[in-house]
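The values are calculated or read from the model by the stated rules, or taken from the named source; none is laboratory data. Nothing here was measured: the structure is a model prediction, and the numbers come from that model. With ideal geometry, Cβ positions are generated from the backbone for all residues, glycine too; neighbour counts draw on all protein chains shown. To get the accessible areas, we keep the full protein, side chains included, count just its heavy atoms, and leave off ligands, DNA and RNA. Shrake-Rupley method; radii C 1.70, N 1.55, O 1.52, S 1.80 Å.
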Amino acid sequence: MTVSQPPSPPPPSASEPLPETERADPRFRDLETRSTAGLLEALLGGQAGAVAAVEAALPAIERATEAVARRLGGDRASRLVYCGAGTSGRLAMQDGVELGPTFNWPAERAVFLLAGGVTSLALAREGAEDDTDTARALIAESGVCARDVVIGVAASGRTPFTLASIQAARERGALTVGLANDPDAPLLRSSECPILLRTGAEALAGSTRLAAGTAQKIALNLLSTAVMIRLGKVFRGRMVDMRPSNEKLRRRAERMVADVTQCGLERARAALEASDGRIREAILRAEAEPRG
C-alpha cells in the first residue's frame, strides 16, 4: 500500500506573521481598566465567537466523523490516539478519557500522547511542546499503524510536538485529524481530515485557553460523540453502553431501562442484575420477558 506523505511546513522565519490566535485585538487594549461587568462581557463575547467558529466547521467535522467511524468500525483492534501540548493536549486527553465510562470504549483502544507526559496535566511543562524527537518516538513506541486514528489539537496549528506526531502518524498510514484555530496552520495541511476552528484573536491576547480552547472542546465533543453513535453505541437516544460504575450511574441505568421498555424500576433493576449491569442487554431482556 502506498501512503501519501504529508507536506512539510516551511521553517519558521522572523518575518513570518503571527498566527491569528497570538495577535492582539485593538478592541481590548483597555481590557484591564474595564469594570468587572465590562470585563466579563468581553470574555463572554469570545465564548460566543467560539460557538460560531464550530458552527462554521460543521462540514469538516462531518467529513472527519464519517472517516473516523469507517476506520474504527472496520477493525476491532483499531485505536483512537490523541496528541497535543498544553491546553490543547489537556482538552484532547479529557475527550478521550470520557469515552470509556460514557460509551464503554476499551481502555486499550485509547492512546494519549501529551507533550511532557501525563504529569503535564497538573503541572504545565510548556518547553516540552518543542520536542519533535519525542513526538516521533512516542508514535513509533505506541505502534501507530494504518488501522488507527490520530487526532492532533493545537490552537496555532504550529506546535512542533503535535505537528511532528501527526506527520509521523500519517507516514505510518494512520488516519489523521487535525484541529487548529488559525487558517494558515501547518497542522491543517498535514492532516487528512483538517478542522479549522477560526476563533481569531483572543480578548486576552494569546490566551488560547479562552475562545480557542472552548471551540476545541466543543468540536472534540461533537466529533467523538458522533463517531460513537455511528459505531452503534447509542440506542433510542440513550447511552446504552454506559458503565454503571457508581450508585448515581446505577440509578441512571435503571431509569434508562425503565423508560425505554416502559417497565417499572423494579423490573429494570432485575433485568440489569441478570445482565451483569449491561444496559443494552437489560433492555432486550426486559422487553422479551412477558408482562404480568
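Just a few scattered comments:
- Within segment 264-292, the set of residues being over 23 Å from ASN104 (Cβ atoms) and not charged (D, E, K, R) comprises GLY264, PRO290, GLY292.
- Among the residues listed as ALA140, ALA135, ALA128, the single one being surrounded by fewer than 19 Cβ atoms within 10 Å (Cβ to Cβ) and in contact (Cβ under 8 Å) with a residue 24 or more places away in the chain: ALA140
- Test: residue in segment 1-19 that is modelled with pLDDT under 95, of a type in the set (Asp, Glu) and not in a loop (DSSP other than H, G, I, E, B): no
- Evaluation of VAL118 against the conditions (1) modelled with pLDDT under 95; (2) surrounded by 15 or more Cβ atoms within 10 Å (Cβ to Cβ) shows that the sole unmet condition is (2).
- Some residue of segment 66-84 being farther than 17 Å from SER191 by Cβ, open to solvent by 80 Å² or more (accessible area, probe 1.4 Å) and in a loop (DSSP other than H, G, I, E, B): yes
- Considering residues of segment 28-42 that are under 13 Å from ALA205 (Cβ atoms) and of a type outside the set (D, E, K, R) only, the residue most open to solvent (accessible area, probe 1.4 Å): PHE28
- Checking each residue in segment 164-204 for being among the β-branched types (Val, Ile, Thr) and either surrounded by fewer than 22 Cβ atoms within 10 Å (Cβ to Cβ) or out of contact with any Lys or Arg (no Cβ under 7 Å at 6 or more places or on another chain) (or both) picks out ILE166, VAL177, ILE195, THR199.
- Among the helices (runs of 4 or more DSSP H) confined to segment 205-274, the ones with at least 3 residues that are open to solvent by 60 Å² or more (accessible area, probe 1.4 Å) and closer than 23 Å to GLY100 by Cβ are located at 211-230, 247-261.
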